[in-house]
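Report on the structure given below.
Derivation of every value follows stated rules applied to the coordinates shown; laboratory data play no part. This is a predicted model, so every value here is computed, not measured. Positions of Cβ are backbone-derived with ideal geometry, glycine not excepted, and every protein chain shown enters the neighbour counts.
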Amino acid sequence: MSRSEQAAGALLIVLCLLASGFAQAAGLADLPKRKPGLWELSVVAASGQQTQVTGRMCLDAATDAALTNFGVGLSNQVCSKRDVRVTGSVATIDAVCKIGDSVQTLHSKITFTGNTAYRAEVRVHSDPPFMGRSDTTTTQIGKWTGSCPPEMKPGDLMMANGMKINLKDMAGLKQ
């Protein structure tokens with residue numbers, strides 16, 4: 001796998017955790033939980049053009065809760081500030097986190113459409129630059145597409161390049 005594919009995969013994982021972990025953190029019980037089943041994940045380029053589907057993720061309620069708890073725990077470890085505001089079906093998150101030597105200042109807006117779709121817009125400023133970049137803006141779109149196929153179990157993330165990983169395994173969570 002190339003360095004750019006690894007970076008894209010890492011970004012996708014971070015966005016999955018952001019969308020579940022930060023958005024459904026303590027005090028945000030009113031936001032929808034993602035519907036169990038298969039979720040299609042896409043990234044929108046800075047130009048506003050939606051790219052191809054970048055991954056498919058199989059979720060059940062227990063996996064969504066486990067990933068949420070993992071995301072909250074991780075953010076508690078690496079973030080010195082996390083401010084979450086909810087207005088209706090929109091969560092706005094501002095955070096300051098340290099990853100390696102880089103301080104990441106994040107501003108995210110996650111808009112839910114019921115429990116079957118969300119759009120997460122994430123802006124990050126890194127000082128010093130992280131992976132060669134000072135500022136990044138990424139938008140992830142998640143939409144529920146139906147039941148998980150037989151070859152996927154909850155926590156599985158199938159990337160566009162065919163690589164399959166299990167987020168619960170990567171996070172060291174119990175099956």
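Over the range 80-158, the alpha carbon radius of gyration divided by the compact-protein estimate 2.2 N^0.38 Å works out to 1.35. Extension gain, Asp135 to Glu121, is 3.7 nm, computed as 0.36 nm per intervening residue step minus the present C-alpha separation.
Between Ser89 and Thr145, the simple label model (points 7 Å from Cα in the Cβ direction) yields a spacing of 2.1 nm.
Of the listed peptides 58-70, 129-141, what is their order by residue-averaged count of other C-beta atoms within 10 Å, with the highest listed first? Present the calculation step by step, with values, prior to reporting the outcome.
Numbers: 58-70: 19.1, 129-141: 14.8.
The peptides rank, most packed first, as 58-70, 129-141.
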